[in-house]
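The values are calculated or read from the model by the stated rules, or taken from the named source; none is laboratory data. These figures come from a predicted structure and were not determined experimentally. Positions of Cβ are backbone-derived with ideal geometry, glycine not excepted, and every protein chain shown enters the neighbour counts. SASA here: full protein model, heavy atoms, side chains in, ligands and nucleic acids out. Shrake-Rupley method; radii C 1.70, N 1.55, O 1.52, S 1.80 Å.
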Amino acid sequence: MGKDVIVACDFASAEQTFAFLDKFTGRKPFVKIGMELYYAEGPAIVKEIKARGHKIFLDLKLHDIPNTVKKAMAVLRNLDVDITNLHAAGTKNMMRAALEGLTREDGTRSLLIAVTQLTSTDQQSMEEDLLIEKPIDQVVMHYASCAKDAGLDGIVCSPLEAGKVHDSCGANFLTITPGVRFADGDVGDQKRVMTPAQAKEIGSDYIVVGRPITAAADPVAAYERCVAEFCD
Ligand code: C5P
């Protein structure tokens, strides 16, 4: 899969999601389904969006004992999404078990991506709450290399980290980067942001864009602008 813009459909219901997706009569965006929408609507929402012709990143961030994650992934694999994810903090054993669960009998599977440290975790909370005392950027790079060792396809990271991740884990190790804003747009609650053009420049493989598209006066125009800046 090449570079693409993934639209974060952070909606509370199928109704709101379809009202949004109905606007896209031309190119069908790659869609991210997160916990809110998935827990509200269940697996049916994944099947319905897929049936409309969208690629899907199912962002459920699994984290449990290896056996449980393996079994959960074996269920999720039937949804046939393009990308799904888990927490690297679950350890390499958990990541390997997840890959086993996700892989179909014919050897095919969805891409599997690791979340490293969430951007909501800062150095202080990592040290105080998790007793991890290394610098956070070292922790992120270590989790990335664990994900690579375990056989995963890439990580979610800030666009600012994408270049470093490619340098240490290889050009083919995928970087999926949220925190994208237009140069003339609202930053909102995102702290470290880049424009789609800058994310392209630094080598992000996929950008995840939510509110700059979902809350735009003209979401289709905002999406096309992202695609033009990032993909073309
Ligand atoms: O609306 P916005 O463009 O900020 O949405 C970004 C999306 O990426 C949201 O779904 C958010 O949960 C997700 N995300 C993030 N930062 C991370 C991981 C995921 O913003 N570190």
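Key figures
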quantity	calculated
Mean accessible surface per residue for the chain, computed with a 1.4 Å probe while every protein chain stays in place, in Å²	48
Charge context of residue 182, other residues only, Cβ under 14 angstrom, K/R +1, D/E -1	-1
Out-of-range pairs (alpha-carbon distance over 23 Å; input 32/200; 55/191; 50/148)	55/191; 50/148
Under 20 Å from the residue 60 label point (7 Å along Cα→beta-carbon), backbone N, region 139-174	152-156
Extension gain from residue 183 to residue 74, taking 0.36 nm per residue of separation minus the Cα-Cα distance	35.1 nm
Three-way shape label, region 24-72, alpha-carbon gyration tensor, a/c 1.5	prolate
Distance (nanometres) between label positions extended 7 Å along Cα→Cβ at residue 172 and residue 92	2.0
Region 4-230: radius of gyration over Cα atoms, expressed as a fraction of 2.2 N^0.38 Å	1.00
Rounded Å value of the spacing that divides the Cα centres of region 1-51 and region 67-143	22
Heavy-atom accessible surface of region 4-230: percent carbon and sulfur, 1.4 Å	50
